[in-house]
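> Encoded as C-alpha cells, here's the structure I'll be asking about.
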Amino acid sequence: MADALLILQKYAQRLPSSLPQSILFSHSSETLTIYDAYPKAKFHFLILPRVKPQSELSLKDLDSLKSLLAGDKTRAKQVIEALNEDAMILRKEIEDEMMKLYGFKWSIYIGFHGAPSMHHLHLHVLSSDLCSSKLKNKKHFNSFHPKLGFFLHIDDVLSWFEADPAYFTRMAALEVREYEALLKKDLFCWKCDSVMKNMPILKAHLQKEWDEEAAQAKARAERKRRFQERYRKTDVQHSEAEPSDAHIDKKQRTSTENEDVR
Ligand SMILES: [Zn+2]
Ligand SMILES: [Zn+2]
C-alpha cells in the first residue's frame, strides 16, 4: 500500500525513456504525462513535475500542492504554470481523440485534489463525463466534482497568486481535515445539481446525460452537414454557366463588398 502511494514520486525521478508505454503518454524537459492507472472518466491523465539531480526543488518541496505553496511563491507559480502549459497541449490532444473516437468533444477538467492520497504533486486532466467502471464510490465522485471544492481547478489555483497575500495564505493552507470532509458530502450531479440517492443511481444518471450530450452533438453535426449540402446544391444551380473557381471568386468579392459597407 505504502508503495502504491509513492509510485508517482518514483516515476518523477526516472528517465522518461525507462517508463513503459502503457504508463507514459508524453514528456517534456520539466514534466511527465502519464495515464491514470484507475481512470475515473473516458479520458484521464496525470501531469507531474520531474525531479532531476540538478532540480532546484526537492522531492519534499514537490510532495503536494500544499508543500509547494508553503515554499517560495514565485517558484511555486512557475511550477504550476509549467504544468498548465502542458495541460493546454494535452487538452487539444484529448479533444482530437474525442472527435476521432466519438465524433464530438466535451469539456475537460484540469486541477488538483485539495487533499491528495498519493505523494508527489500531480495535475489531473480528465474528461467531464465521469463515466468509468473505476468510479466506484462517493469519495471517487466527490473528489472530481467540479463544484464541490475538493477538486481545485488550476485556473482558480493560479488566481490565488494574484489575490491579496492574506487570501493566498488562507487558500494555500489546504487543511486536510477541511478537504476530507467535503468527500463525505451528499451526492449530487455536477451538471444538473440533482441529488442522487446512491452510486448506482448516480452512475446511471451520468451515463444517461453523457449519452444525451452525444446525441445532441451528433444531431447538431448532422444538421450542419445537411445545411451545407443544401447550400452547395443551391450554389451549383446558381452558377450553371460559370466554372466553379470563378464562382468562388465572385463570392469572395461579395463578402469583401459587404465588409466595406459595414
Ligand atoms: Zn490525485
Ligand atoms: Zn444531472
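The values are calculated or read from the model by the stated rules, or taken from the named source; none is laboratory data. The structure displayed is predicted, hence computed values, not measured ones. Reconstructed Cβ throughout: ideal geometry from the backbone, glycine too, with neighbour counts over all protein chains shown. In case anyone asks, the SASA skips ligands and DNA or RNA and just uses the protein heavy atoms, side chains included. Shrake-Rupley method; radii C 1.70, N 1.55, O 1.52, S 1.80 Å.
> I need the full set of residues from segment 139-149 which are buried (at least 16 other Cβ atoms within 10 Å of the Cβ) and either within 16 Å of ligand 2 (Cβ to nearest atom) or at pLDDT below 95 (or both), in order please.
Once the filter is applied, which keeps residues that are buried (at least 16 other Cβ atoms within 10 Å of the Cβ) and either within 16 Å of ligand 2 (Cβ to nearest atom) or at pLDDT below 95 (or both), segment 139-149 yields 141, 142, 144, 145, 148.
> For residues that are surrounded by fewer than 12 Cβ atoms within 10 Å (Cβ to Cβ) and either within 24 Å of residue 132 (Cα to Cα) or not hydrophobic (A, V, I, L, M, F, W, C) (or both), tally how many sit in segment 11-37.
6
> Test residue 210 against the criterion of being within 16 Å of ligand 2 (Cβ to nearest atom), touching a His at 6+ places or on another chain (Cβ under 6 Å) and either farther than 30 Å from residue 61 by Cβ or not assigned by TED's automatic domain parsing to the domain that holds residue 45 (or both), and give yes or no.
Taking the combined requirement at face value, the residue does not satisfy it.
> Just a yes or no: is a residue in segment 72-94 closer than 22 Å to residue 206 by Cβ and in a helix (DSSP H, G or I)?
yes
> Restricting to segment 61-83, and then to whatever is of a type in the set (S, T, N, Q) and buried (at least 18 other Cβ atoms within 10 Å of the Cβ), can you tell me which residue is farthest from residue 167 (Cα to Cα)?
64
> If you take the residues of segment 180-226 that are over 21 Å from the mean Cα position of the chain (by Cα) and of a type in the set (S, T, N, Q), which of them is least open to solvent (accessible area, probe 1.4 Å)?
194
> Of all the residues that make up segment 107-137, how many are part of a loop (DSSP other than H, G, I, E, B) and either open to solvent by 10 Å² or more (accessible area, probe 1.4 Å) or modelled with pLDDT under 95 (or both)?
Number of matching residues: 13.
> Tell me, which residue of segment 150-170 that is open to solvent by less than 20 Å² (accessible area, probe 1.4 Å) and either touching a residue at least 60 places away in the same chain (Cβ under 8 Å) or part of a helix (DSSP H, G or I) (or both) is nearest to ligand 2 (Cβ to nearest atom)?
Step by step, filter segment 150-170, then rank; the result is 152.
> Since residue 226 meets every condition but one in (1) more than 15 Å from ligand 2 (Cβ to nearest atom); (2) modelled with pLDDT of 95 or more, which condition does it not meet?
(2)
> If I filter segment 43-52 for residues that are of a type in the set (A, V, I, L, M) and over 30 Å from residue 106 (Cα atoms), do I get at least one hit?
yes
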